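Structure first, then comments.
Derivation of every value follows stated rules applied to the coordinates shown; laboratory data play no part. Keep in mind that what you see is a predicted model, and the values were worked out from it rather than measured. Positions of Cβ are generated from backbone atoms using ideal geometry, with glycine treated the same way; all protein chains shown enter the neighbour counts.
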Amino acid sequence: MSSYVLVINAGSSSLKYSLVDAESGDAAAAGVVERIGEAEGSHRHRGPRGETRSTLVIASHEEALQAAIEAFAVQGPALDEIELVAVGHRVVHGGSAFAEPTLVDDELLAKVAELVPLAPLHNPANLTGMRVARRLFPQLPQVAVFDTAFHQTLPPQAYTYAVPREWATEHGIRRYGFHGTSHAFVSGEAARMLGRSEVNLVVLHLGNGCSATAVRGGRSVDTSMGMTPLEGLVMGTRSGDLDPAIHAHLSRELGWPLDKIDHALNFDSGLKGLAGYNDFRELSRSRAAGDERAQLAFDVFCYRIKKYVGAYYAALGTVDAIVFTAGVGENDPAARAASLAGLERLGIRVDPALNAASSDRPRAISTDASPVAVLVIPTNEEWQIARETVSAIRSRPPRV
Ligand code: ADP
């Protein structure tokens with residue numbers, strides 16, 4: 001019989017969930033509750049007996065999870081008829097405190113609450129999700145899987161910012177990195193595809209949020225997101241890297257408060273700021289229609305990726321594979337080709353026909369002669385959370 005994990009990703013006004021077979025990765029059911037706390041919310045649930053969509057008032061995350069439990073009863077699978085072994089929670093920021101998936105208890109909740117200043121949008125919602133799930137599933141172990149955990153192996157020279165030392169020691173100002181669950185999943189899959197466990201990779205997670213990670217021997221040794229997810233690559237609405245003096249300049253010239261600048265860099269910048277679209281498909285359509293702003297946004301996006309590939313190649317010394325994942329990385333041949341164009345002297349040779357062929361399977365898109373493999377690997381963060389959840393509950397100390 002399969003062991004299932006209920007994977008929960010709680011946002012500030014949403015709750016995503018899926019019921020994942022930890023061995024096979026199959027999602028037996030999945031759903032999303034949106035606009036929690038607003039005048040009208042929505043709930044979608046897909047299960048073995050079909051899909052339901054409803055519009056209703058959902059006052060709280062507790063009501064959202066209740067609605068999910070009812071949907072499991074109606075659309076299946078009934079939670080009391082399967083082997084549901086645990087609840088796995090996606091938690092965005094684990095700071096320096098969490099390098100592993102960790103059982104949820106009062107101590108963990110207190111530590112995650114202490115980290116709220118580092119992730120003011122995400123950690124409070126993740127805390128709510130864990131508290132609610134503990135109330136509604138008191139009989140099940142709950143495990144927190146942190147987006148930052150995979151990057152806790154970064155060496156000091158990669159995670160240290162060149163700022164006064166007390167900023168780090170007293171305020172936790174350092175690189176943490178994010179998307180760790182995705183980078184861990186695709187790194188494992190890449191190692192399997194290459195037939196080796198000790199692989200050196202540059203992993204490019206290109207979705208709405210984008211990040212690059214240098215992986216040495218399966219472990220993260222550098223990553224482009226920083227203390228927050230704003231640093232690094234150009235993203236759907238985030239600027240990525242920029243001169244930190246721009247904050248002070250805007251504040252002096254326009255009198256903008258820091259919160260307004262922070263908001264603009266997180267929500268009005270990136271592809272959206274440059275071209276008006278944060279959706280890559282719309283950007284591609286505009287680019288094809290000759291829109292120069294869309295072309296510039298695409299060029300800036302791909303050039304930034306290329307710079308990180310070069311930087312991480314230098315950091316690693318040898319690279320076995322470049323790996324593309326997430327919505328853009330898995331589906332956009334033009335972005336992949338442009339990001340790696342001209343890197344033949346680094347041993348990176350993309351095969352145009354393999355790159356252009358669409359598929360939802362893990363695949364190589366490099367030529368047979370390419371010393372560095374170029375791989376496209378669909379990410380599966382829910383499966384990774386389910387697997388890590390099961391490994392955490394199997395390794396917990398026995399109750400006495
Ligand atoms: P996230 O999980 O960060 O919200 P995703 O990994 O789902 O993001 O990626 C979303 C991005 O992927 C969007 O910019 C979307 O336009 C892009 N995307 C999704 N499908 C395709 C496709 N077939 N071709 C090009 N881009 C795509």
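Tabulated values for the structure
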| quantity | calculated |
| --- | --- |
| Equivalent ellipsoid semi-axes - Cα gyration tensor, segment 210-287, angstrom | 25, 20, 8 |
| Quarter of the Cα convex hull surface for segment 252-317, i.e. its orientation-mean projected area (nm²) | 6.5 |
| Sites matching GluC sites (Glu not before Pro) across segment 7-52 that sit in DSSP coil, with at most 15 neighbouring C-beta atoms within 10 Å | Glu23, Glu38, Glu40 |
| Degrees, to the nearest 10: 61-75 long Cα axis against longest axis of the chain | 80 |
| Computed P(r) (all Cα pairs; segment 123-269; 10 Å bins; percent) | 10, 30, 33, 21, 6, 1 |
| Glu23-Glu198 FRET efficiency (beta carbon distance; Förster radius 30 Å; 0.05 resolution) | 0.75 |
| Histogram of C-alpha separations across segment 1-141, 10 Å bin width, % | 12, 42, 34, 12, 0 |
| Loop-located GluC sites (Glu not before Pro) in segment 58-96 whose Cβ has at most 10 other Cβ within 10 Å (DSSP) | Glu83 |
| Rh (Kirkwood; distinct C-alpha pairs) - segment 61-156, Å | 14.4 |
| Stokes-Einstein D for segment 243-400, Kirkwood Rh over Cα pairs, 20 °C, 1.002 mPa s (µm²/s) | 115 |
| Under the Karplus curve 6.51 cos²θ - 1.76 cosθ + 1.60, θ = phi - 60°, whole-Hz ³J(HN,Hα) for segment 224-230, x wherever Gly or Pro sits | 7, 6, x, 5, 10, x, 6 |
| Partner lysines for Lys111 [C-alpha distance under 25 Å; skip if fewer than 8 residues away on the same chain] | Lys16 |
| Proximal charge balance of Val32 [Cβ under 9 Å; K/R count +1, D/E count -1] | +1 |
| Partner aspartates and glutamates for Lys306 [C-alpha distance under 13 Å; skip if fewer than 8 residues away on the same chain] | Glu344 |
| Kirkwood Rh (inverse of mean 1/r, distinct Cα pairs), segment 203-252, angstrom | 12.0 |
| Hull-based mean projected area of segment 307-396, where the convex hull spans the alpha carbons, in square nanometres | 7.3 |
| CD proxy at 222 nm, helix term only [per DSSP H run n ≥ 4: -39500 (n - 2.57); per residue of the chain; nearest 500] | -11500 deg cm²/dmol |
| 5 Å-binned pair-distance histogram of segment 168-254 (Cα, whole percent) | 3, 14, 20, 18, 16, 13, 7, 4, 2, 1, 1, 0 |
| Sites matching GluC sites (Glu not before Pro) across segment 121-223 that sit in DSSP coil, with at most 13 neighbouring C-beta atoms within 10 Å | Glu198 |
| Rg and Dmax [Cα atoms of the chain; Å; Rg one decimal, Dmax integer] | 21.4, 69 |
| Radius of gyration, Dmax [segment 141-183; alpha carbons; angstrom] | 12.5, 42 |
